[in-house]
Amino acid sequence: MKFDAPATNNPIDQLKVVGKPLDRVDGPLKVTGTAAYAHDRYDSIPNQAYGYVLGSAIAKGKIKPMNVSAAKAAAGVLGVVTAENAGKLGKGDYNTAKLLGGPEVDHYHQAIAIVVAETFEQARAAAQLIQVEYTKADGSYDLHAAMATAIRPEKIFGGEADSSAGDFDKGFAAAPIKFDATYETPDQAHAMMEPHATIAAWHGDTLTLWTSNQMIDWSTGDIAKTLGIPKEKVRLSSPFIGGGFGGKLWIRADALMAALGARATGRPVKVALARPFMFNNTVHRPATVQRIRIGATQQGKITAIGHESWSGDLPGGGPEVAVMQTRLLYAGENRMTAMRLAVLDLPEANAMRAPGEAPGMMALEIAMDEMAEKLGLDPVEFRIMNDTQVDPENPSRPFSMRTFAECFKTGAEKFGWNNRNAKPATRRDGRWLLGMGVAAAFRNNLLMKSAARVRLDSRGTVTVETDMTDIGTGSYTIIAQTAAEMMGVTLDKVAVRLGDSTLPVSAGSGGQWGGACSTAGVYAACVKLREEVARALGLNHPDATFVDGELRVGNRRIPLAQAAAKKELVGEDQIEYSDVDKKYQQSTFGSHFVEVGVDAATGEVRIRRMLAVCSAGRILNPKTARSQVIGAMTMGVGAALMEELAVDKRAGFFVNHDLASYEVPVHADIPHQEVIFLDEVDPLATPMKAKGVGELGICGVAAAVANAIYNATGVRVRNYPITLDKYIKGLPEVA
Ligand code: MOS
């Protein structure tokens, strides 16, 4: 089905099942520990051996041929694979670094060997017996040092490295009020609960990978390309995923090394990357340096806005696209954005929840707060003043819908923004300095084609099959809701099968497109199945409706199951789009409000209240959507106050590679969180009239926290995380 907007009335609009805050259909499996995550499939795959991956101890250089004889002779060992005996390996489309290093080493903890043994302990012990001789080479590990030689990158997800409109230099120079500041965001780790894990098994020349992966089709292609085998010879299965955040958009070393180990030993091989390995072996969100300039009239109309960002990646990699939102968020006739890439020899930089906007908004939305103060304007008012209904770089392109100002008006009222004192460090609660902060949320809505197959059997059960993944987001549930609504059945009549490369290719889970696009694919398949049902019953009529398990035309009511009494019926289709996302800019919007208390003596910061107001079209399930947003808000608090990979600039690796030293928020750090979804639909998005929400929730949160800390203390911190050492000296004297 080709979606040619705007969406008209359709069966989804009944909202009998869709739009309801229903519990997750996979909830019981999760809470009883019976959801089969990759590493848990111990009983269904017989004769498993264990693989332990050895990582490089240097960041850059060469390895001499390794002596693996002691490891091979160790108890229980079945085989050792290194680059020397791995055979010819290619590289997939989505990995900048090779997943198996040697003789060249690209980054610290790059996999250089796998030891396969009968038990995990035997494999781990034997890995320590491998003798590796390194020849170190000089590497580049310091973003600031490498900025001078940064290049204008060619490879960018979603556009060009540079953009401009009007004449920024002239416009900025002429602006009566000018603001110019530079912000820094650190390297961050996805730190998902479930590590990268895979069980690999070969049956002849066919490889099966039970793994943890967000994008089944990309990854099936990538592993095939890397191993040099046809894509049809690879099967990927990933029905449950314990968090991805972008780190599992691609196959990583666990999958490749398990496949190589299994091929060498003739046994299914299970590999989980140990937690200390996750930080340097896999990918991370790269650090950024961002310069923002804003010029405005005395009254606060933006006339010039410029945003430059520098970030690093391995040779051949891409930049953090941190300026993207600045191209779209605020009005202003003179504009420039630019991204520069510093080549670094740190582990591969790549997508992490809301790549681009998440770190970009961390900078832009502090800058907006600073500019509002300079103008003597309320930061809510300043943002609303500079709202735009068209793409400001291409004014002939309207937004599909944009209720940005509404997010701020609703949020300000619900949060009690009036009680904020614009003058910092003026509100107290005993020893606590109190402050409120606000920031915009913004994330693009990307349309990806997505296919599904829907079957109806003689018991009236509807089964949906698609390779879509559920990374904890609620995909199973909203897909079941979509099929139930379309076929006019209750949720318990729907079964959903996901995450398998043998199923129709979906949009996958990435870039917050998964929810809206995969359900649109299921919608398309259900339209086909409805036709099949009508045809089987001889009731092909334009007024036919599917309600309460029946097909109804006029006075006639026929149970759905009857259509499939003799033969199962199948509908399969994919959603595709005309030029709807070219004609209209599709984005999601929001506002974040935060209140903090900062201990006037110790500088300890506690978040007291958080509110997010989101505009993302129809909300398919307010309960799972809310969970996405409160999770994202929590992650935003981590970005604001805690998360930072510490770079060893001599040895070239991330030092804090465990969850004791890479800090993320815990329950005690997070207050009650409120989420409001504006009641709306976006008919220019998909037939579901829904957009993504999973990444919108993190964008802007950290800046709202930063702005609240400023309002509480009067100290402006421009580099994240905002730890108390950065502002304690500036705290007002304790009376
Ligand atoms: Mo998202 S960072 O595209 O999983």
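Every number in this text was worked out from the coordinates using simple rules, so none of it is lab data. Not measured: the values here are computed from a predicted model. Reconstructed Cβ throughout: ideal geometry from the backbone, glycine too, with neighbour counts over all protein chains shown.
Of note:
- Extents of segment 544-590, largest first, come to 46, 24, 22 Å (Cα atoms, principal axes, whole angstrom).
- Whether the chain is rounded, prolate or oblate, judged on the alpha carbon gyration tensor where a/c under 1.5 counts as rounded: oblate
- Mean Cα-pair separation over length for segment 526-680, i.e. relative contact order, pairs under 8 Å, 6 or more apart, %: 19 percent
- Simple Cβ-charge dipole of segment 1-49, Lys/Arg +1 and Asp/Glu -1, about Cα centre, in debye nearest 20: 80 debye
- When peptides 203-212, 584-593, 235-244 are sorted by average Cβ neighbour count within 10 Å, with the highest value leading, the order is 584-593, 235-244, 203-212.
- When only the Cβ of Lys, Arg, Asp and Glu is charged (+1, +1, -1, -1), the dipole of the chain relative to its Cα centre reaches about 620 debye.
- Here the sum of -39500 (n - 2.57) over DSSP H runs of 4 or more residues, divided by the residues of the chain, equals -7000 deg cm²/dmol at 222 nm, to the nearest 500.
- Protection proxy ranking of 307-315, 469-477, 403-411, by the mean of other Cβ atoms within 10 Å over each peptide's residues and highest first, is 469-477, 307-315, 403-411.
- Spatial separation of Cα centroids for segment 411-478 and segment 308-367, in angstrom: 22 Å
- Projecting the Cα positions of Trp210, Ala83, Gly356 onto the charge dipole of the chain (unit charges on Cβ atoms of Lys, Arg, Asp and Glu, taken about the Cα centre) puts Trp210 furthest along the positive direction.
- Beta bridges by DSSP in the chain, antiparallel share as percent, to the nearest 5: 75 percent
- Residue ranges 689-702, 449-462 sort as 689-702, 449-462 when ordered by packing (mean number of other C-beta atoms within 10 Å per residue, highest first).
- P(r), alpha carbons of segment 95-240 - 10 Å bins starting at zero, rounded %: 7, 21, 30, 21, 12, 6, 3, 0
- Per-residue Karplus couplings for segment 437-448, computed as 6.51 cos²θ - 1.76 cosθ + 1.60 with θ equal to phi - 60°, are listed in order as x, 9, 7, 7, 10, 7, 8, 5, 10, 9, 9, 10 Hz, Gly and Pro entered as x.
- Between Ala639, His667, His657, the Cα set farthest toward the positive side of the dipole of segment 633-700 (charges on each charged residue's Cβ, about the Cα centre) is that of His657.
- If you take the alpha carbon atoms of segment 441-489 and fit the smallest convex hull around them, that volume is 109 Å³ per residue.
- Gap separating the Cα centres of segment 573-637 and segment 223-260, nearest whole Å: 30 Å
- Overall form of segment 16-132: oblate. Here a/c, set by the Cα gyration tensor axes a ≥ b ≥ c, is 1.5 or more, and a/b is not larger than b/c.
- Hydrodynamic radius by Kirkwood, which averages 1/r over all alpha carbon pairs of segment 128-213, in angstrom: 20.5 Å
- Centre separation in Å (Cα based) which lies between segment 504-568 and segment 99-165: 48 Å
- In a reduced charge model with +1 at each Lys and Arg Cβ and -1 at each Asp and Glu Cβ, segment 94-239 shows a dipole moment near 340 debye about its Cα centre.
- Antiparallel DSSP beta bridges within segment 153-304, percent to nearest 5: 85 percent
- Shape of segment 461-503, Cα gyration tensor, a/c cut at 1.5: oblate
- Membrane-span-like helices in the chain (whole DSSP H runs, Cα extent of at least 15 Å along the helix axis, mean Kyte-Doolittle hydropathy of at least -0.5): 216-227, 253-265, 357-375, 404-415, 475-487, 514-536, 622-641, 701-713.
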